[in-house]
1. Wholly within region 129-201, which strands (runs of 3 or more DSSP E) include no fewer than the required count, namely at least 1 residues that are among the β-branched types (V, I, T), touching a strand residue (DSSP E or B) at 6+ places or on another chain (Cβ under 9 Å) and free of Cβ contacts under 8 Å to residues at least 40 places away in the same chain?
2. Taking region 122-168 on its own, how many of its residues are within 30 Å of K200 (Cβ to Cβ), β-branched (V, I, T) and surrounded by fewer than 19 Cβ atoms within 10 Å (Cβ to Cβ)?
3. Every residue in region 24-45 that is surrounded by 10 or more Cβ atoms within 10 Å (Cβ to Cβ), modelled with pLDDT of 70 or more and more than 16 Å from S118 (Cα to Cα), please.
4. Answer yes or no as to whether L75 is in a strand (DSSP E or B), at pLDDT below 90 and either of a type in the set (D, E) or under 17 Å from the mean Cα position of the chain (by Cα) (or both).
Amino acid sequence: MFFSPKKEIIIFLTLFLVVGAGVFLFLNSGAYLEILRYKLSFGNAPILDFKSAVKTVATGNENAYTLFIPKIGALAPVVFPKDDSVKNILLALKKGVALYPGSSLPGDTGRGVILGHSSKPPIFRTRHKLQKDDEFYVVSGNKKFIYSVLANDTLSPEKTNAALSQSPKNKSEIALITCWPIGSSSKRTLIQAKLIGVEKF
């Protein structure tokens, strides 16, 4: 009986792809489950109606904040961790995005630092699409704080800390931070934005 080299290569490649896909799905199943949970929790609300979208996330608390980034379809409650311990920040990130303890509230003078996952839930997964002058919003009660993107950079943790060490004077800024690449914390994506207006609705 003769063996065809082509047939053996096809069998090998097929097995390799099937096993590789199985291992990939096994290793990433947690992230995909979190993505599914996020989509089921927040759905596609931000795409059409901003006011309705915010209501689906807000808890009715006048002091609650919601982050809404139309360009990337991100909508998430802003959660306040108990403290700046890794454990409590990670707990907060399971519920939405986290306002880093000690940073400024949206709309206040200074810089608010908002942390979010790039993978689970994937709030900042497509953050690379944000460009200079793109707008996003932070909503609290009947106020919409409008922010304009100044820069979107991928930096080392040290350079990120250095960029945040200089506090803005007499103005309100927000820094959105997530880890990069997805599933790693070797770098940070830092999106810096300034407050350009406040609207009531």
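1. In region 129-201, 143-155 are the strands (runs of 3 or more DSSP E) which contain 1 or more residues that are among the β-branched types (V, I, T), touching a strand residue (DSSP E or B) at 6+ places or on another chain (Cβ under 9 Å) and free of Cβ contacts under 8 Å to residues at least 40 places away in the same chain.
2. 2
3. F24, L25, L27
4. In short, yes.
The values are calculated or read from the model by the stated rules, or taken from the named source; none is laboratory data. Since the structure is predicted, the reported quantities are computational estimates derived from the model, not experimental observations. Quick reminder, even Gly has a Cβ in these numbers, built from the backbone with ideal geometry, and neighbours come from all protein chains shown.
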